[in-house]
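To start, the structure under review is shown below, and the notes come after it.
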Amino acid sequence: MMEFFQWIEDSGLGVYIRESNWGFAIALSAHAVGMGTAVGVVMVATLCELNVLPKIPVASFSNLYSVAWSGFFINLISGIALYTSHATQYSYQAVFIFKLALIVVGGVLLKLMIDSAKTNGEEAGKTKLFALLSLLSWVGAIVTGRLMAYFFQI
Ligand code: HEM
């Protein structure tokens with residue numbers, strides 16, 4: 001596997017992101033914009049469902065979910081670009097693998113919240129539990145994303 005990760009790191013994209021003056025900074029900036037967009041919508045939707053923010057029905061977020069998806073795709077592309085720069089390290093970083101798992105779990109729980117709001121209603125305990133767990137997963141994804149830089153061997 002290490003040869004495969006080394007091949008990714010030695011790719012044109014990997015070298016550009018790692019060694020150019022602006023590559024990593026541009027990718028990380030795009031990553032911040034994508035994260036703010038995607039997780040911003042998720043946070044407002046889940047905090048409304050949890051009655052922390054003034055009540056806006058989950059269903060009325062349907063237009064905003066496409067905005068969240070575009071933020072997610074910005075993070076997917078910029079994240080892959082960042083990953084190629086040091087694939088041999090990130091691939092064995094527990095905090096990175098945990099982050100990717102939290103992103104998947106956070107997305108599934110958000111879908112479960114939306115479906116439960118339709119079938120069980122917005123005030124159902126189940127809907128609120130999915131909202132809380134989704135929110136915690138996305139906050140965890142941000143924290144583990146930030147911690148990646150601290151688990152990095154120069
Ligand atoms: C919506 C999903 C995502 C969120 C919320 C997220 C969050 C974050 C955060 C908060 C950081 C730290 C940014 C900083 O240092 O200023 C980060 C860095 C990073 N993320 Fe993500 N990320 C997401 C998706 C991805 C994906 C899909 C990948 C790879 C396939 C990825 C790879 C990386 C890498 C390589 C870094 C750089 C770590 C470093 O500073 O060394 N991210 N991410």
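The values are calculated or read from the model by the stated rules, or taken from the named source; none is laboratory data. Worth saying up front: this structure is predicted, and the values here are computed from it rather than measured. When we count neighbours, we look across all protein chains shown, and the Cβ atoms used for this are built from the backbone with ideal geometry, even at glycine. All accessible areas refer to the heavy atoms of the entire protein, side chains included, with ligands and DNA or RNA removed. Shrake-Rupley method; radii C 1.70, N 1.55, O 1.52, S 1.80 Å.
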Task: Per-selection metrics, segment 55-154 (Cα): Rg and Dmax in Å - done: 15.9, 51
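Could you tell me what percent of the accessible area of segment 2-147 is made up of carbon and sulfur, with a 1.4 Å probe and every protein chain present?
On the way: 5970 of 7810 Å².
Roughly 76 percent, rounded to a whole number.
Using only Cα atoms, what Kirkwood radius does segment 1-51 have, in angstroms? Write out the running numbers ahead of the final one.
Values: mean 1/r = 0.0746 Å⁻¹.
Hydrodynamic radius (Kirkwood, Cα pairs) of segment 1-51 is 13.4 Å.
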- [ ] Would you mind pulling out the separation of the Cα centroids of segment 89-154 and segment 42-79, in Å?
- [x] 13
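Per residue, how large is the accessible surface of the chain? Use a 1.4 angstrom probe and give square angstrom. Could you put the intermediate results ahead of the total?
Details: 8660 Å² over 154 residues.
That works out to 56 Å² per residue.
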TODO: Assuming R0 = 22 Å, can you tell me the calculated FRET efficiency for the pair residue 91 and residue 139, based on Cβ-Cβ distance, to the nearest 0.05?
DONE: 0.35
